[in-house]
1. Can you pull out every residue in segment 41-65 that is within 17 Å of Val7 (Cα to Cα) and either assigned to a strand (DSSP E or B) or in contact with a Leu (Cβ under 8 Å, 6 or more places away or on another chain) (or both)?
2. Please specify each residue of segment 34-51 satisfying the condition of being among the hydrophobic types (A, V, I, L, M, F, W, C) and over 10 Å from the mean Cα position of the chain (by Cα).
3. Out of the residues in segment 9-28 meeting the condition of being assigned to a helix (DSSP H, G or I) and open to solvent by less than 70 Å² (accessible area, probe 1.4 Å), tell me which one is nearest to Pro48 (Cα to Cα).
4. Can you go through Glu6, Glu31 and tell me which one is open to solvent by 90 Å² or more (accessible area, probe 1.4 Å), of a type in the set (Asp, Glu), within 16 Å of the chain's Cα centre (by Cα) and on the phi < 0 side of the Ramachandran plot?
5. Taking only pairs six or more apart or across chains, which ones have beta-carbon atoms under 9 Å, a first residue in segment 12-29 that is farther than 13 Å from Glu46 by Cβ, and a second residue that is open to solvent by 60 Å² or more (accessible area, probe 1.4 Å)?
6. Six or more apart or on different chains, Cβ atoms under 7 Å: show the pairs whose first residue is in segment 49-68 and at pLDDT 95 or above and surrounded by fewer than 13 Cβ atoms within 10 Å (Cβ to Cβ) and whose second is in a helix (DSSP H, G or I) and not charged (D, E, K, R).
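The values are calculated or read from the model by the stated rules, or taken from the named source; none is laboratory data. Not measured: the values here are computed from a predicted model. Here the Cβ positions follow ideal geometry from the backbone for every residue, glycine too, while neighbour counts run over all protein chains shown. We work out accessible area using only protein heavy atoms, side chains counted, and drop any ligands, DNA or RNA first. Shrake-Rupley method; radii C 1.70, N 1.55, O 1.52, S 1.80 Å.
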Amino acid sequence: HMPLIEVTLAEGRSPEKLRALITAVTKATAETIEAPVPNIRVVIREVPKTHWAAGDVTIAERDAAAGA
């Protein structure tokens, strides 16, 4: 079996943070379901903040309203 884990995030994190996430997800998957590390696939999808909304407000709009 080859587990495929997909993570969707709003863009803006550093490559180092994304790399650390890949390692943590891989480790958790290996430990939890006893999958061999070479068989684990991790895909990170970064979505523009203008393309992610909750309650009809995008993250970009929410950031702008908060003065971020």
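1. Arg41, Val42, Val43, Ile44, Arg45, Glu46, Val47, Ala53
2. Of everything in segment 34-51, those that are among the hydrophobic types (A, V, I, L, M, F, W, C) and over 10 Å from the mean Cα position of the chain (by Cα) turn out to be Ala35, Val37, Ile40.
3. Among residues in segment 9-28 that are assigned to a helix (DSSP H, G or I) and open to solvent by less than 70 Å² (accessible area, probe 1.4 Å), the one nearest to Pro48 (Cα to Cα) is Leu18.
4. Going through Glu6, Glu31 in turn, the sole match is Glu6.
5. From segment 12-29, the pairs are Thr26/Val37; Lys27/Val37; Thr29/Val37.
6. Note: pairs meeting the criteria are Thr50/Ala60.
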